[in-house]
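Taking it in order: structure first as structure tokens, then the write-up.
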Amino acid sequence: MPFRKAPFRIAMLGPQGSGKGTQGDLLAAAFGIPIISTGELFRQQAATRTLLGEQIASYINQGKLVPDEITNTLVEQRLAAADCVAGFIIDGFPRTMGQAMVAEQLFTFTQVVLIHIDDHEALRRISGRLRCANCGAGYNATARPPKKAGVCDHCSGPLSPRRDDMENVALQRRLNTYREQSTPILEYYQQQGSLITIDGKQPIEAVQRDIRAAIDKKSL
Ligand code: AMP
């Protein structure tokens, strides 16, 4: 598994709406390495209408985490692809200690980036999220709008609210789940010395600048 020794093995963590996907995209472009979003991997699987796809869709739509066995298998398969040899960024993984422990057996993260925002800010942001039905690109009606309303900048596909974002109960449940599950994970990476905590309430450019500075410092 060549990805074990890739120079950058970065995890992006943070609550829904923290901007970890946006920041991960910018970082991936700057370093020339792929960004792997577990949420996006799952949404692609869910769209296949296979048995596995339908199981995954049901977890996502209920605001529940996909079980560790499914998650770990999909992540391991994706990391084994050739484009991960030079490094990778994972957005939204690990979300449970079970996932963190399996990841640990495969490789260690060089940096774990936590983008911190509180629940109030997360809810305000999530309610404005849009996704391209065609290529999966993400937007936000206020913070990161497309150039033309309702149309994807990249492929001109139609933009719509993410289905799991439309249900408020599921939304608060996902945030609660995130807080419960992430506390021990963050403590674990803090003890390991790989955790970088960034203030996610700043503008996009300032968050990226802080992440890059912290990564440079850790790589010295
Ligand atoms: P996200 O796009 O990161 O908000 O993820 C959307 C949904 O995908 C989550 O609410 C979960 O149902 C599922 N999901 C994403 N990443 C994981 C993960 N690491 N473990 C379990 N479920 C996940």
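The values are calculated or read from the model by the stated rules, or taken from the named source; none is laboratory data. Quantities reported herein were computed from a predicted structural model and do not represent experimental measurements. Using ideal geometry, Cβ is built from the backbone for each residue, glycine included, and neighbour counts are taken over all protein chains shown. We work out accessible area using only protein heavy atoms, side chains counted, and drop any ligands, DNA or RNA first. Shrake-Rupley method; radii C 1.70, N 1.55, O 1.52, S 1.80 Å.
Structure data summary
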| item | result |
| --- | --- |
| Whole-percent carbon and sulfur share, accessible surface of the chain, 1.4 Å | 54 |
| Restraint check, Lys20/Lys217; Lys148/Lys201; Lys64/Lys218; Lys147/Lys218; Lys5/Lys64, Cα-Cα greater than 28 Å | Lys64/Lys218; Lys147/Lys218; Lys5/Lys64 |
| Selection from Gln181, Gly24, Pro203, by position along the positive dipole direction of the chain (Cβ) | Pro203 |
| Relative contact order of segment 88-220, pairs being alpha-carbon contacts under 8 Å that are 6 or more residues apart, as % | 31 |
| Assigned charges on the beta-carbon of Lys, Arg, Asp, Glu; segment 134-209 dipole about Cα centre (debye) | 240 |
| Net charge of neighbours whose Cβ lies under 13 Å from the Cβ of Glu121, counting Lys and Arg as +1 and Asp and Glu as -1 | 0 |
| Environment charge of Val102, counting only residues whose C-beta is closer than 11 Å and scoring Lys/Arg +1, Asp/Glu -1 | -4 |
| Probe 1.4 Å, accessible area per residue of the chain, Å² | 50 |
| Highest-first arrangement of 46-53, 16-23, 28-35, where packing means the average Cβ count within 10 Å | 16-23, 28-35, 46-53 |
| Debye equation applied to the C-alpha atoms of the chain, log10 I(q)/I(0) at 0.10 Å⁻¹ | -0.42 |
| Student exercise, the chain dipole from Lys, Arg, Asp, Glu Cβ charges, in Debye to nearest 20 | 420 |
| For the chain, calculated [θ]222 nm from helices alone, where every DSSP H run of n ≥ 4 adds -39500 (n - 2.57) | -15000 deg cm²/dmol |
